[in-house]
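**Student:** This is the structure I want to talk about, given as structure tokens.
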Amino acid sequence: MAHTNLDLANALADAKSQYTAANPRSHELHRKACGPLPGGNTRTTLHYDPFPVVIEQGEGSVVTDVDGHDYADFIGEYTAGLYGHSHPVIKAAIEKVLKRGLSLCSPTAAEAQLAAILCQRFPSVEQIRFTNSGTEANLMIAGAARHFTGRDALMVFNGGYHGGVFYFATGASPINAPYPFVLGEFNDPDTTLRRLEENANRLAALFIEPVMGTSGALPVNLDFLKALRTRTEELGILLVFDEVMTSRLSPGGAQQLFGITPDMSSFGKYIGGGLTFGAFGGRADVMAQFDPRRSDSLPHAGTFNNNVLTMAAGLAGMRDIYTPAVAIAHNARGDAYRERLNSIIEALDVPAQVTGAGSMLGFHFTREVINTPHDARRTPADARALFHLAMLNRGFYLGRAGLASLSLPLEQRHYDDFAEAFREFLTVYANVLRGM
Ligand SMILES: Cc1ncc(COP(=O)(O)O)c(C=O)c1O
């Protein structure tokens, strides 16, 4: 209990020293990477202070870094790693197509099969198209909606994230796609509906992530979502669900979980079986704009849209692994686990809470109710860093922002060990957390 009486700054400094001492090879690789890569980084999410661990391999739900530490993987590649690192069904599907050759430059049978499963699973999806990323999927929806409605602006939420060029964590990023954006306030019907009405005749679409992932696993309030559905329909604005993360939350994604059908949906992450993936789909009349048999069709290019590896892995995953029954069971397990972690918090009476839905969990260190990205900012950045490094130091791989996404191969012992480490973290740092 050496740390019990430290304040946050000292506790974090201690955790950083312990982490730095334990990870010399990662540290060295980071230093070398800083030459050719700005900040040693090519994906912003993966950077954290003092330097990120470099993972060398993964097996099931365990990853191993270059200094030889094993971690139970609780970030699950920000939801893309649902199948873990070595699922035999995914591996077999990839190995099979590898033998037949890459870059075939033609339609493949697998893409139509995967498309058919997705159309059947997700209520809003009458037709679908594949991209290489969730960002690209959202860009395609933005363009499709603007063309379809003849309006130019897009409504998004303050604190929302729909990809590197749709980044609203701090208002709007300077490198966002250059569309006119109108900001709504998540779970705030008065402000959002007022802005929706004020801009109704210029809004092509409203994008919402039904459980905000990057902002801390924040579920939408159902009445709020219903109101958005009703009003967008009345005003001729396309309602878009960004299901890049949330599609895992039920057999038919968040749209099935909440019982609200959007006009369009974007997908990504695990649906590609762990390979690069994105997709956008929805109403047949909106998707028909892309039908290349039409003389006025919109172009949708992408050399690797139907790359054989992703199509094979994605198909195997959705058809043979993440079946509707598995999706239901996995998310029920996530709900039960969130309750278990929250009851640990309650018993210790520390300022903390675990939010989320199903297999998406968000860790926050405040007693205040968290409904919005604004509320989520009540956890100081240093407290997030402390939690992250303390859990890494204990052998649990997590994202810096406090998001966890549960993968299928996590075993009961991983859940139990994580819960114990969490209890220990809250006990050791109780005074630090109470003093923030
Ligand atoms: C909700 C949401 N939308 C879109 C994206 C972008 O997907 P990608 O990283 O595949 O471009 C992400 C990625 O984390 C996401 O969480």
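Yes/no matrix, rows are residues, columns are (1) in a helix (DSSP H, G or I); (2) under 16 Å from E111 (Cα atoms):
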residue: D285; (1), (2): yes, no
residue: Q289; (1), (2): yes, no
residue: P292; (1), (2): no, no
residue: D296; (1), (2): no, no
residue: M311; (1), (2): yes, yes
residue: G314; (1), (2): yes, yes
residue: M318; (1), (2): yes, yes
residue: V326; (1), (2): yes, no
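**Student:** Within the bounds of segment 87-96, is there any residue that is under 29 Å from A205 (Cβ atoms), away from the ligand (no atom under 16 Å from the Cβ) and out of contact with any Leu (no Cβ under 7 Å at 6 or more places or on another chain)?
**Tutor:** Scanning segment 87-96, I find no residue that is under 29 Å from A205 (Cβ atoms), away from the ligand (no atom under 16 Å from the Cβ) and out of contact with any Leu (no Cβ under 7 Å at 6 or more places or on another chain), so the answer is no.
**Student:** Do the conditions hold for T79, that is, is it loosely packed, with under 14 Cβ neighbours inside 10 Å, within 16 Å of the ligand (Cβ to nearest atom) and not acidic (D, E)? Break it down stepwise before answering.
**Tutor:** Numbers: loosely packed, with under 14 Cβ neighbours inside 10 Å: no; within 16 Å of the ligand (Cβ to nearest atom): yes; not acidic (D, E): yes.
No, not satisfied.
**Student:** Report whether or not G314 is not hydrophobic (A, V, I, L, M, F, W, C) and not assigned by TED's automatic domain parsing to the domain that holds G68.
**Tutor:** Working: not hydrophobic (A, V, I, L, M, F, W, C): yes; not assigned by TED's automatic domain parsing to the domain that holds G68: yes.
Taking the combined requirement at face value, the residue satisfies it.
**Student:** Could you list, in sequence order, the residues of segment 59-74 that are surrounded by 20 or more Cβ atoms within 10 Å (Cβ to Cβ) and not charged (D, E, K, R)?
**Tutor:** S61, V62, V63, Y71, A72, F74
**Student:** Of everything in segment 330-344, what is closer than 14 Å to A421 by Cα and among the charged types (D, E, K, R)? Give them in sequence order.
**Tutor:** Answer for segment 330-344, where residues must be closer than 14 Å to A421 by Cα and among the charged types (D, E, K, R): just R340.
**Student:** Spot the failing condition for P50; the list is (1) out of contact with any Asp or Glu (no Cβ under 6 Å at 6 or more places or on another chain); (2) under 23 Å from D320 (Cα atoms); (3) surrounded by fewer than 17 Cβ atoms within 10 Å (Cβ to Cβ), and only one is missed.
**Tutor:** P50 satisfies all of (1) out of contact with any Asp or Glu (no Cβ under 6 Å at 6 or more places or on another chain); (2) under 23 Å from D320 (Cα atoms); (3) surrounded by fewer than 17 Cβ atoms within 10 Å (Cβ to Cβ) except (2).
**Student:** Okay, moving on. Give the number of residues within segment 256-273 that are buried (at least 24 other Cβ atoms within 10 Å of the Cβ) and either within 12 Å of the ligand (Cβ to nearest atom) or closer than 23 Å to H147 by Cβ (or both).
**Tutor:** Step one: filter segment 256-273 for residues buried (at least 24 other Cβ atoms within 10 Å of the Cβ), giving 262, 264-273.
Pick out the ones that are also either within 12 Å of the ligand (Cβ to nearest atom) or closer than 23 Å to H147 by Cβ (or both) and you get 262, 264-272.
Number of matching residues: 10.
**Student:** Can you confirm whether A153 is closer than 23 Å to M318 by Cβ, outside the structural domain of A401 (by TED's automatic domain parsing) and among the hydrophobic types (A, V, I, L, M, F, W, C)? Let's see the steps before the verdict.
**Tutor:** Details: closer than 23 Å to M318 by Cβ: no; outside the structural domain of A401 (by TED's automatic domain parsing): yes; among the hydrophobic types (A, V, I, L, M, F, W, C): yes.
Considered against the rule, which asks whether it is closer than 23 Å to M318 by Cβ, outside the structural domain of A401 (by TED's automatic domain parsing) and among the hydrophobic types (A, V, I, L, M, F, W, C), A153 comes out as no.
**Student:** Check T246 against each of (1) within 15 Å of the ligand (Cβ to nearest atom); (2) under 19 Å from P189 (Cβ atoms); (3) not basic (K, R) and name the one condition it does not meet.
**Tutor:** (2)
The values are calculated or read from the model by the stated rules, or taken from the named source; none is laboratory data. Keep in mind that this is a model prediction, so the values were computed, not measured. Cβ coordinates were reconstructed from backbone atoms using ideal geometry, including for glycine residues, and neighbour counts include every protein chain displayed.
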